[in-house]
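Undergrad: Submitted below is the structure of interest, expressed as structure tokens.
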Amino acid sequence: MTSPTVLILLGPPGAGKGTQARMLEEDFGLVQLSTGDLLRAAVASGSAAGLQAKAVMEAGGLVSDEIVLAILKDRLRQPDVARGIILDGFPRTDGQAAALDTLLADAGQRVTAAISLDVDDEAMVGRVAGRFTCAGCGEGYHDEFKQPAVAGTCDKCGGTAFKRRADDNAETVRERLKAYHAQTAPLISYYDAKGVLQRIDAMGEIAAIRAALGDIVSGVSAG
Ligand SMILES: [Zn+2]
């Protein structure tokens with residue numbers, strides 16, 4: 001029996017991580033496991049680790065790595081993840097990555113690939129910062145890439161009121177990217193040193209990114 005695929009998907013907000021994770025689920029039968037979903041499901045299941053997590057969360061605390069790992073260990077035994085998983089939001093530190101490796105090794109598994117969705121920071125700032133939407137119907141526009149055909153009038157509903165999200169400005173986007181790089185750098189180094197780091201240019205078309213991800217998953221699964 002082949003070992004399940006274990007993917008770690010890394011990418012800043014706006015890199016399309018969620019979209020690509022859904023496509024990997026479709027294309028390869030993988031299951032995306034986010035830390036939040038894992039915790040909620042464990043609490044609902046009433047498992048030992050779930051009850052521990054519940055107590056910590058009710059006390060307003062942060063669930064420890066140990067509990068998250070115990071929950072993940074339980075989850076990996078369930079039949080729906082037999083083909084493999086995409087981890088989202090865990091690990092966040094190189095310490096957690098090392099603990100994850102130990103957990104997987106105990107089950108005869110390992111991280112198949114840690115895939116970094118790389119973005120050009122300044123291009124990303126331009127993409128996000130110029131966004132606005134129609135206040136009436138929610139149609140999305142962009143200062144640079146998609147202006148309404150008639151200036152100031154929504155193509156879809158003819159509305160003339162538009163809104164911009166307060167956090168869609170250049171400075172906020174730059175700060176988010178900076179924080180992402182600072183947080184992720186140790187993980188990138190960790191997986192690079194393990195020889196499982198893969199980088200994908202996430203600035204291209206969604207279909208091209210999907211294909212590149214597919215090549216990685218097929219390649220490493222076959223190998
Ligand atoms: Zn509209």
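Just so it is clear, none of the values below were taken in a lab; they were calculated from the coordinates. Just so it is clear, the model here is predicted, and its values are computed rather than measured. Here the Cβ is made from the backbone with ideal geometry for all residues, glycine too, and neighbour counts use every protein chain on show.
Undergrad: Pull up all non-local amide H partners of ALA114: gap of 5 or more, or a different chain, and H-to-H distance under 5 Å with H placed in the peptide plane.
TA: For ALA114, the qualifying residues are ILE8, LEU197, GLN198.
Undergrad: Determine the relative contact order of the chain: mean sequence separation of Cα pairs under 8 Å and six or more apart, normalised by residue count, in whole percent.
TA: Working: 292 pairs, mean separation 60.8, N = 223.
It comes to 27 percent, rounded to a whole number.
Undergrad: What does the C-alpha gyration tensor say about the overall shape of the stretch 1-41? Classify as rounded when a/c is under 1.5, otherwise prolate if a/b is larger than b/c, or oblate.
TA: Numbers: a/c = 1.91, a/b = 1.22, b/c = 1.57.
Since a/c reaches 1.5 but b/c is at least a/b, the shape of the stretch 1-41 is classed as oblate.
Undergrad: Further question: Using modelled amide H (1.01 Å from N, peptide plane; none on Pro or chain starts), what sits under 5 Å from the amide H of PHE132, excluding residues fewer than 5 places away?
TA: TYR141, HIS142, ASP143
Undergrad: In addition: Could you tell me what percent of the DSSP beta bridges with both partners in the chain are antiparallel, to the nearest 5? All intermediate terms of the calculation are to be shown ahead of the outcome.
TA: Numbers: 7 of 24 bridges.
Expressed as a percentage, antiparallel bridges in the chain total about 30.
Undergrad: Which one, ALA105, LEU69, VAL81, is farthest towards the positive end of the dipole of the stretch 63-197 when Lys and Arg carry +1 and Asp and Glu -1 on their Cβ?
TA: Sorting the options by dipole projection puts first VAL81.
Undergrad: Let me ask something else about it. Which of the cysteines found in the chain have nothing to pair with, since no other Cys Cβ lies under 4.7 Å from theirs?
TA: none
Undergrad: Below 8 Å between Cα atoms, with a sequence gap of 6+, how large is the relative contact order for the stretch 129-223 in percent? Each step should come with its number before you reach the end.
TA: Values: 70 pairs, mean separation 18.5, N = 95.
After rounding, I find 19 percent.
Undergrad: Right, something else. Run the helix sum for the chain: -39,500 (n - 2.57) per DSSP H stretch of 4+ residues, divided by residue count, reported at 222 nm to the nearest 500 deg cm²/dmol. Display every interim value, and only then the final one.
TA: Details: 8 runs with 108 residues, N = 223.
After summing the helix terms and dividing by residue count, I get -15500 deg cm²/dmol.
Undergrad: Mean Kyte-Doolittle of at least 0.5 and a Cα length of 20 Å or more along the axis: which whole DSSP H helices of the chain meet both? Write out the running numbers ahead of the final one.
TA: Numbers: long enough: 170-193 (33 Å, -0.52); 206-222 (24 Å, 1.43).
Correct list, ordered by number: 206-222.
Undergrad: Considering Cα pairs under 8 angstrom that are at least six residues apart, work out the relative contact order of the stretch 13-81 and quote it in whole percent. Before the final figure, lay out each step's value.
TA: Values: 37 pairs, mean separation 17.9, N = 69.
Relative contact order here is 26 percent.
Undergrad: Assign unit charges at the C-beta atoms only (+1 for Lys and Arg, -1 for Asp and Glu), then state the dipole size of the chain relative to its Cα centre in Debye, rounded to the nearest 20. Walk me through the numbers on the way to the answer.
TA: Values: 23 positive and 29 negative charges, 78 e Å.
Taking the Cα centre of the chain as origin, the dipole is about 380 debye.
Undergrad: Select from ALA135, TYR191, ALA44 the residue farthest towards the positive end of the dipole of the chain; place +1 on Cβ of Lys and Arg, -1 on Cβ of Asp and Glu, and compute about the Cα centre.
TA: Value: ALA44.
Undergrad: Tell me, what is a quarter of the convex hull surface for the C-alpha atoms of the stretch 76-223, in nm² with one decimal? Mind showing how you got there, number by number?
TA: Values: hull surface 46.8 nm².
That works out to 11.7 nm², a quarter of the Cα hull's surface.
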